[in-house]
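The values are calculated or read from the model by the stated rules, or taken from the named source; none is laboratory data. What you are looking at is a predicted structure, and each value in this text was computed from that prediction instead of being measured. Ideal geometry is used to build each Cβ from the backbone, glycine not excepted, and the neighbour counts take in all protein chains shown. Areas reflect the complete protein model, heavy atoms only, side chains present, ligands, DNA and RNA absent. Shrake-Rupley method; radii C 1.70, N 1.55, O 1.52, S 1.80 Å.
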Amino acid sequence: MTTPTQAQSLSETQTQAQALSETQTQAQALSDGLPDPGDLLPYGYPALQVDRIVRHTPGALEATKAVTYHELDAHLGGSRPGRFPASLTLESFLQACGLLLMRETDPDDRQLLIFGSARGVRMPDAARAGELLVHTVELVDRDEETATFAGVSRAGDGRTVLEVERAITLLRPADSFEGYVSGS
């Protein structure tokens, strides 16, 4: 026999699973034809923290990151229940900002992006293993040397896990570090 508390917990779990399924279906439908993030950013696993670009319009981008137990075990040493670390949530958000900039930059004029600073950062919750992290980023301002972004990251069930009022990225020519060798 199921108690009222168990029934409520089961109902909440089913609602979260349905929301995640709907988000994943929407992401697949919307991302058809958009490039793979690994083709735009200069690194791959395990540094790449964005799995898919879901939507891009001028000045805005939505991207997703699937949070897995395997990944959390690698970062946290088997800590369960797994919560995606705040530092990786911010890194994933910033990579989504970089993807927006890359989508709006001429391929012959690629820039090296260097994270400068962030303000108004709030992390009210954390994504957990098995959830889809959805980043919605907006390009607020851009000049020759900087780009400023704002946005929010939500777990698949709609919970806000990160809010960024302003993130500033420095832009440098892609070849500006050619020939640089650490320690020379």
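Could you report the range 80-184's accessible area per residue, 1.4 Å probe, as an integer in Å²?
Numbers: 5410 Å² over 105 residues.
Spelled out: the 1.4 Å probe surface of the range 80-184, per residue, equals 52 Å².
Please give me the summed charge of the neighbours of Ala150: other residues whose Cβ is under 11 Å from its Cβ, Lys and Arg +1, Asp and Glu -1. Taking every other residue near Ala150 into account, the sum is -2. Model label points for Ala174 and His70, set 7 angstrom from Cα along the Cα-to-Cβ axis, are 3.0 nm apart. Rounded to the nearest 0.05, the FRET efficiency derived from the C-beta distance between Thr146 and Asp36 at R0 = 30 Å is 0.65. Less than 19 Å from a label point 7 Å out along the Cα-to-Cβ axis of Tyr45: which backbone N atoms in the range 102-135 qualify, by residue? Under cut-off, by backbone N: 129-133.
Ignoring ligands, DNA and RNA, how do Leu112, Leu171 rank by accessible area with a 1.4 Å probe, largest first? Display every interim value, and only then the final one.
On the way: Leu112 55, Leu171 5 Å².
Solvent-accessible surface, decreasing: Leu112, Leu171.
Only protein heavy atoms count here; under a 1.4 Å probe, Met102 has an accessible surface of about 10 Å².
Phi angles across the range 123-131 convert, under the Karplus curve 6.51 cos²θ - 1.76 cosθ + 1.60 with θ = phi - 60°, into 3J(HN,Hα) values of 10, x, 7, 9, 6, 10, 3, x, 9 Hz, Gly and Pro given as x. Report note on the peptides 137-147, 53-63: ranked by the mean count of other C-beta atoms within 10 Å, highest first, their order is 53-63, 137-147.
How large is the dipole of the range 96-184 about the Cα centre if only Lys and Arg carry +1 and Asp and Glu carry -1, each at its Cβ, rounded to the nearest 20 debye? Before the final figure, lay out the partial values.
Working: 10 positive and 16 negative charges, 105 e Å.
With Lys and Arg at +1 and Asp and Glu at -1, about 500 debye.
Normalised Debye scattering of the range 103-184 at q = 0.21, 0.22, 0.24 Å⁻¹ gives log10 I(q)/I(0) of -0.97, -1.00, -1.08, counting only Cα atoms as equal scatterers and leaving out solvent. Scanning residues 5 or more positions from Ala60 or on other chains, those with amide H under 5 Å from its amide H are Leu139, with H placed 1.01 Å from N in the peptide plane.
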